[in-house]
Amino acid sequence: MPGKNLSRDEAQQRASILAVDGYQVRLDVTSAPDRAAGTFRSTTTVTFRCSQPGADTFLDLLAPAVRSVTLNGRALDPATAYDGARVHVDGLAAENVLTVEADCAYSRTGEGLHRFVDPVDGETYLYTHYEPADARRVFANFEQPDLKAPFTFTVTAPAAWDVWSNAPHENVDAEGDARTWEFAPTKPISTYLTAVVAGPYHVARDHYRRELADGTALEIPLSAMCRKSLAPHFDADEILGVTKLGLDFFHEQFDYPYPFGKYDQAFVPEYNIGAMENPGCVTFREEFVFRSKVTDAAYEGRANVILHEMAHMWFGDLVTMRWWDDLWLKESFADFMGSYGLIGARTRYSSAWVTFANQRKAWAYRQDQFPTTHPITADIRDLEDAKLNFDGITYAKGASVLKQLVAYVGSEAFFEGARRYFKRHAFGNTELGDLLEVLEETSGRDLRTWAAAWLQTSGVNALTPQVTTDAEGRITELAVLQDGDVLRPHRIAVGLYDRDADGVLVRTGRIELDVAGARTVVAEAVGLPRPALVLLNDDDLTYCKIRFDEESLATLRTGLGDISSELARALAWSAVWNLTRDGLMPARDYVALVLRFAGQEGNIGVLQSLHAQAKTAVDLYADPAWRGEGGRLLADGALRELREAVPGSDHQLAWARFLAQTAGGAEHLGLVRGLLSGSARIDGLEVDQELRWSLWLALAASGQAADEELAAELEADNTASGKHHYTQCLAARPTAEAKAAAWSAVIDSDELPSALVEANTAGFSIPAQRDLTALYAAPYFKLLERVWAERTIEISMRIVGGFFPIAQTDEQTLAEADAWLAGHPEAAPALRRLVLERRDDLARALRAQACDRA
Ligand SMILES: [Zn+2]
């Protein structure tokens, strides 16, 4: 489709001659409950100035039909003006009024205006999601972040519905079966940040009030909503409680009153991402409404996302990147603020930095070692590039580097810089230089060199301690060796750990220093007794992979779980996982560490990541000849820890889920079936609906769930979530027919929403069924270009990632991936990037297997 992929050059050109004064957008979604209706009426009137009268330009619009185009009273023929992606207009005046009337499509993929019908009660729900560029699926606009404008939305919807948008509504008119909601004009915002939520949502309301320094009061109406059928599970008090703590905290830190009036938070179905920071109208995936018991890690994760989105009201919404190259300007900050805020706002999630170090950073390490990695400030040529850059670099590495920046310039200079940045650039657009400018002012330091090393280069450094001792066991030299393509300045702490009288590994010394270049001597360490463990980057100040000297590694093998500090332990776990991924520690050694020490891991989030990693170690990184034994060891370990866990605890639930993921033998599967039927019980373990589906998945994947049994479970849980689990169970059955059906459901039809595409690919791709799925490797590579051309990018990304034959860990599959890459140099760069990354995962698995075999 011509022009569907807007380029940076085109956006720059358009911004150089246009200034937008405002949009009036009218949507009529009264047809939404009628499933046969595929479209809704959308009318945009945009008022804008042009500095070069006579010039031409275009609006972006992805719509099945355009009914009329009127520029300054002159009617244009839609048949010639609209090419399927753009509405072209010529002969611009200095001041212009342009109206486009179109029929836009309801979305099934979460891109644009998504329509969902609740299987429980038949109710219809709508919400929008646009980032980076899907507002054009709902109304005609200049789809780029730096053409900000006030938006005035008017939405006509079924009379029984409520409607929300970024601004509060000013008026509601009833007429027949419909009501028309007129919203106040927004502040100047970017197109991707506009939003509409409509439907018979369940709503909880509250209020936030704050006295400001000038004697006035800031009043923020709060609401939180979800589908009616989820209302019994909706803990709005907890959500709104975190919201209020966050509003207190960010006002204290940012010294700029929340600029968008009210604050609604909608939990919406079939959402593709975690959440979206639409000003005043944040949308979240509704899986954050917990309908069964979840561990505290899930509550912490949700609170983190609430604060992340709230930080965006300032970083991103008030001040916005000029183009997607500087996406990090909002995402790295919001990601950092999610964890920083959990501590600073005095929520109950006091282990937020442990989670960050152990889990969030794992995402960054993985992404940063792909051949496709990029600097935090990226080079984004077009919208497809932009779409793929919502990645581990932009979020987690960027946040890690900001954490390092705080260690480097101090938190006062950092936050004073943020305060100046908001005041100076309110309702505007910025680039890297604008941020460096304020930080240099407040820190008094030259940050260009720092930015060049940290923001404008890619890759992760490894830091390794080198320890020499004298005959009495005293340190004669402790040096920090730095590896990597680019050596960087690191502010780090070095932790020295020894066993105390009770055998616990405690920190006996901490030395903070600047590391630079390939080798840095830690002068303060000379003369100290050689400790059992030298932990570089203790307290997790910098972003690096931690390595160990031999003696420290030996200490971890016998005592990793004995480290008293939760953060230090999480760092050690993360480090041994990186060693495993890098083929420097055999996968079976990592599995042994997990089997030995996971049972004493107190942090529930860390425990859950150990489970996931141990499973990956066996499935992908272990010598194939040892896989069977490794799997049995994990299942035996899961069963043992499940029986020993405190009844009713989060840990017990985590081990029960891990048993479901690893169960293979008769004993384990027998217990799984017993738990489902009620014939077996584990004291304190409630086998609720979500756990039931985990158990069914174990049986289905082992070929021990009858189709009627799965159908009966769906009937008992005929919900959106139930349908998702049921689909995954069907796809997980170990038969050629089941695999063919899952493949076909995704490839041969474009009816499935993203959630069910995911359910099918996940069930299809059970690693232990690699013999059954092997014959899909060749068709996969043949299909890639067609999928990319024909499907939306959200769906394409799920298919390319989800069906990649990652379980075929052999040279032949690697060669097939290489052959595709060599044979398709002209394929879309974003598609090549996805294949390159999965290919790299496969090559990494082969290296790790070689290490495990040796
Ligand atoms: Zn974000």
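The values are calculated or read from the model by the stated rules, or taken from the named source; none is laboratory data. Nothing here was measured: the structure is a model prediction, and the numbers come from that model. Ideal geometry is used to build each Cβ from the backbone, glycine not excepted, and the neighbour counts take in all protein chains shown. Only protein heavy atoms, including side chains, enter the accessible area calculation; ligands, DNA and RNA are left aside. Shrake-Rupley method; radii C 1.70, N 1.55, O 1.52, S 1.80 Å.
Close amide-amide hydrogen proximity is noted between Phe267 and Met225, Cys226, Phe284, each under 5 Å apart and 5 or more residues distant or on a separate chain (H modeled in the peptide plane; Pro and chain starts excluded).
Distance from the C-alpha centroid of the range 516-537 to that of the range 427-448: 34 Å, rounded to the whole angstrom.
Note on Asp619: accessible area approximately 30 square angstrom, rounded to 10, probe 1.4 Å, nucleic acids and ligands left out. Measuring with a 1.4 angstrom probe and ignoring ligands and nucleic acids, Arg798 comes out at about 40 Å² accessible. Electrostatic bookkeeping for Thr191 treats Lys and Arg as +1 and Asp and Glu as -1; over the other residues with beta carbon under 9 Å from its beta carbon, the sum is 0. Over the range 774-833, Cα pairs under 8 Å with separation of 6+ residues give a relative contact order of 46 percent. Go through Lys615/Lys782; Lys330/Lys361; Lys361/Lys723 and tell me which ones have a Cα-Cα distance over 21 Å in this structure. Violating the 21 Å limit, Cα to Cα: Lys615/Lys782; Lys361/Lys723.
The range 824-854 and the range 732-756 have Cα centres separated by 24 Å. Using a basic spin-label model with each label point 7 Å from the Cα along Cα→Cβ, how many nm lie between Arg853 and Arg596? A separation of 2.6 nm, rounded to one decimal place.
Residues with amide H under 5 Å of Cys281's amide H, sequence separation 5 or more or different chain, H placed in the peptide plane at 1.01 Å from N; which? Hits under the 5 Å cutoff: Asp264. Taking every protein chain into account, the accessible area of the range 674-798 amounts to 43 square angstrom per residue (probe 1.4 Å). The residues Glu331, Glu690, Glu175, Glu431, sorted by heavy-atom accessible surface at 1.4 Å with ligands and nucleic acids left out, run Glu175, Glu431, Glu690, Glu331 from largest to smallest.
Give me the 1.4 Å probe accessible area per residue for the range 358-420, excluding ligands and nucleic acids, in Å². Numbers along the way, then the final one.
On the way: 1730 Å² over 63 residues.
Accessible surface, normalised per residue, equals 28 Å².
Net charge near Ala236, counting Lys/Arg +1 and Asp/Glu -1 over other residues with Cβ under 10 Å of its Cβ? Summing Lys and Arg as +1 and Asp and Glu as -1 gives -3.
Protein heavy-atom surface of the range 514-658, 1.4 angstrom probe: 53% of the accessible area is carbon and sulfur, with nucleic acids and ligands not counted.
Please compute the contact order of the range 222-319 in relative form: average sequence separation of alpha-carbon pairs under 8 Å and at least six residues apart, divided by the residue count, as a percent. It comes to 32 percent, rounded to a whole number. Taking the Cα centroid of the range 569-602 and of the range 374-399, what is the distance between the two, rounded to the nearest whole Å? Answer, in whole Å: 29. Can you tell me which aspartates and glutamates have their Cα less than 17 Å from the Cα of Lys244? Leave out same-chain residues fewer than eight positions away. Straight-distance partners of Lys244: Asp206, Glu211, Glu219, Asp235, Glu252, Asp255, Asp264, Glu277, Glu300, Glu309.
Ordering Asp134, Asp379 by how much accessible area each has at a 1.4 Å probe, largest first, what is the list?
Values: Asp134 15, Asp379 100 Å².
In descending accessible area the options line up as Asp379, Asp134.
Multiplying the residue separation of Asp296 and Arg445 by 0.36 nm and removing their Cα-Cα distance gives an extension gain of 49.6 nm.
Just the number please: accessible area per residue for the range 251-343, 1.4 Å probe, all protein chains included, in Å². Could you put the intermediate results ahead of the total?
Numbers: 1730 Å² over 93 residues.
That works out to 19 Å² for each residue.
Under the criterion of Cα pairs below 8 Å and six or more residues apart, the relative contact order for the chain equals 8 percent. Couplings 3J(HN,Hα) of the range 639-650, computed from phi: 5, 4, 5, 4, 5, 8, 5, 4, x, x, 7, 4 Hz, in residue order, whole Hz [Karplus 6.51 cos²θ - 1.76 cosθ + 1.60, θ = phi - 60°; x for Gly and Pro]. With all protein chains in place and a 1.4 Å probe, the accessible surface of the range 694-784 carries 57 percent carbon and sulfur. Electrostatic bookkeeping for Pro53 treats Lys and Arg as +1 and Asp and Glu as -1; over the other residues with beta carbon under 14 Å from its beta carbon, the sum is -2.
For Glu512, nonlocal amide neighbours, meaning residues 5 or more places apart or on other chains whose placed amide H falls under 5 Å from its own, are Val494.
Summed over qualifying helices (DSSP H, 4 residues or more, each -39500 (n - 2.57)) and divided by its residue number, the chain shows a 222 nm mean residue ellipticity of -13000 deg cm²/dmol.
Roll a 1.4 angstrom probe over the protein heavy atoms and tell me the percent of accessible area of the range 148-194 that is carbon or sulfur.
Values: 820 of 1770 Å².
Solvent-exposed carbon and sulfur of the range 148-194 make up 46 percent of the total.
Among the protein heavy atoms, those of Asp173 account for about 80 Å² of accessible surface (1.4 Å probe, every chain in place).
Which order do you get for Ile343, Ile546 if you rank them by accessible area with a 1.4 Å probe, largest at the top? Please list the in-between numbers first.
Working: Ile343 70, Ile546 10 Å².
So, going from the largest accessible area down, we get Ile343, Ile546.
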